[in-house]
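Q: I am attaching a structure below and will ask some questions about it afterwards.
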Amino acid sequence: MVAEEIPITAELLRGIPLPQPDGDGDKETRGRALVVAGSVPVPGGALLAGIGVLRARAGKLQIATVASVAAHLGLALPEALVAGLAETPEGGIAAESAQVLAERASRCDTVL
């Protein structure tokens, strides 16, 4: 069975407001997010996605990206855990990273 496609529109997003944490909450209560993004030619996508997740008030952020840019992202976003993944010769995330990503995703509330 194939799920019905729902187009993501501005109206749809306005109808699903982000949860607002209460004043007593801490990072443990605001959720864990995993961003899987970036490549050697375009590392900025992971950085921008990570910033967006933090602005949406996620409690803990992990970024999984190619190993050769992971340290740079870690410096740019010191509040995030940045994991370096195996990469293809072209600089993208290698398929062999799927198991590592599945394990990380299983410990998160959302994956981007």
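Q: Going through the stretch 74-109 one residue at a time, which ones are within 14 Å of ALA37 (Cβ to Cβ) and touching a Gly at 6+ places or on another chain (Cβ under 7 Å)?
A: Matches in the stretch 74-109: LEU77, ALA80, VAL82.
Q: Among the residues of the stretch 88-109, write down those that are free of Cβ contacts under 8 Å to residues at least 12 places away in the same chain, surrounded by 11 or more Cβ atoms within 10 Å (Cβ to Cβ) and assigned to a helix (DSSP H, G or I).
A: Residues satisfying the conditions are GLU96, ALA98.
Q: When you scan the stretch 1-40, how many residues do you find that are over 18 Å from the mean Cα position of the chain (by Cα), at pLDDT 75 or above and surrounded by 10 or more Cβ atoms within 10 Å (Cβ to Cβ)?
A: Number of matching residues: 2.
Q: For the stretch 64-87, give me each residue that is in a helix (DSSP H, G or I), open to solvent by less than 50 Å² (accessible area, probe 1.4 Å) and either in contact (Cβ under 8 Å) with a residue 12 or more places away in the chain or in contact with a Ser or Thr (Cβ under 9 Å, 6 or more places away or on another chain) (or both).
A: Of all residues in the stretch 64-87, those in a helix (DSSP H, G or I) come to 67-76.
From what's left, open to solvent by less than 50 Å² (accessible area, probe 1.4 Å): 69-70, 73-74.
Matches in the stretch 64-87: VAL69, ALA70, LEU73.
Q: For the stretch 52-63, which positions are closer than 10 Å to GLU79 by Cα and open to solvent by 40 Å² or more (accessible area, probe 1.4 Å)?
A: Of everything in the stretch 52-63, those that are closer than 10 Å to GLU79 by Cα and open to solvent by 40 Å² or more (accessible area, probe 1.4 Å) turn out to be LEU54, LYS60.
The values are calculated or read from the model by the stated rules, or taken from the named source; none is laboratory data. Just so it is clear, the model here is predicted, and its values are computed rather than measured. Positions of Cβ are backbone-derived with ideal geometry, glycine not excepted, and every protein chain shown enters the neighbour counts. Ligands, DNA and RNA are stripped out before the accessible areas are found, and what is left, the full protein with its side chains, is counted by its heavy atoms. Shrake-Rupley method; radii C 1.70, N 1.55, O 1.52, S 1.80 Å.
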